[in-house]
């Protein structure tokens, strides 16, 4: 192994090794807090206080935030280069946009086809 490869490997290990116990516990409690808020919204708040469609939107946003934390810290995506992050996130956003677009177009065509 050349000196450059050893240095690159050591730097890569240090970046991923920065997930100490303190950071892991911090991320755990953030995820726990988001989960508690999700349960409160889902089970503790009646539809008279907060309409169901607003609860759904808030629940989806909190779930996406939780997924982002899991991917960033526990799958180590936060420690990767920007190119890799964009290479993963941009296609996912495009697919989500495509699914929403197809649902909207499908709902617009439903009365015409019936």
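Miscellaneous remarks
- Members of the stretch 43-56 that are touching a helix residue (DSSP H, G or I) at 6+ places or on another chain (Cβ under 9 Å) and assigned to a helix (DSSP H, G or I): 55
- For residue 59, the conditions (1) closer than 25 Å to residue 32 by Cβ; (2) in contact with a helix residue (DSSP H, G or I) (Cβ under 9 Å, 6 or more places away or on another chain); (3) free of Cβ contacts under 8 Å to residues at least 12 places away in the same chain are fulfilled apart from (3).
We did not get these values from a lab; they are worked out from the coordinates using the rules stated. Quick caveat: nothing in here was measured; it's all calculated off a predicted structure. Methodologically, a virtual Cβ is constructed for each residue, glycine included, from the backbone with ideal geometry; neighbour enumeration extends over all protein chains shown.
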